[in-house]
Amino acid sequence: MGLDLYMIGVIVADMAKSVEFYRRLGVELPEGSENQPHVKVKMGELTFFLHDKKLNAKWDKVKVEPAGGYRIVLEFYLKTKEGVDAKYAEMMDYGYTGHFAPYDTPINSYFAMIDDPDGNSILISAG
């Protein structure tokens, strides 16, 4: 039996800040999402969701906050290098923290990384 990845979720400390970040990144989140404890949006075959950290603590009582580096990366694909450059510059203009400025990779891709409000590393790429 095969296994399909169905959802990607981000546990967030401040829903309004996270909704603002992901909207600025280009994710189309429903109106009023900033006031909800859980918000999701279908993106192709996957569902992307944001979930309030305080609400999540009710189910995950043994959660320990990670320290240093990243354990998982969310990648959002843009079609061109110019698109990556423009989105990275736009997010920096909003005051977000760049993890890596745009660069050519040895695997023929173009990457930039930005930290979201919870310190998650977000990869924007073009091939």
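Every number in this text was worked out from the coordinates using simple rules, so none of it is lab data. Just so we're clear, the structure is a prediction, and the values are computed from it rather than from any experiment. Ideal geometry is used to build each Cβ from the backbone, glycine not excepted, and the neighbour counts take in all protein chains shown.
Observations, loosely collected:
- For GLY119, residues with placed amide H under 5 Å, excluding near neighbours: none
- Once the Kirkwood radius over Cα pairs is known for segment 69-127, the Stokes-Einstein relation at 4 °C and 1.567 mPa s delivers a diffusion coefficient of 114 µm²/s.
- Distances between placed amide hydrogens fall under 5 Å for PHE76 paired with LEU123, ILE124, SER125, all partners being 5 or more residues away or on another chain.
- Sequence of ASP116, ASP60 once ranked by neighbouring C-beta atoms within 10 Å, starting from the fewest: ASP60, ASP116
- Taken one residue at a time, the phi angles of segment 86-101 give Karplus couplings (6.51, -1.76, 1.60, θ = phi - 60°) of 5, 5, 4, 4, 4, 5, 5, 4, 6, x, 6, 8, x, 8, 9, 5 Hz. Gly and Pro are set to x.
- Based on alpha carbons, the Rg and Dmax found for the chain are 15.3, 47 Å.
- For segment 117-127, Karplus couplings with θ = phi - 60° (6.51, -1.76, 1.60), whole Hz, Gly/Pro x: x, 9, x, 6, 8, 10, 9, 10, 9, 9, x
- Nearest 10 degrees, 0 to 90: helix 15-25 Cα axis against the chain principal axis: 20 degrees
- Taking amide H positions as modeled 1.01 Å from N, with prolines and chain starts lacking one, the residues under 5 Å from THR47 and 5 or more places away or on another chain are MET7, ILE8.
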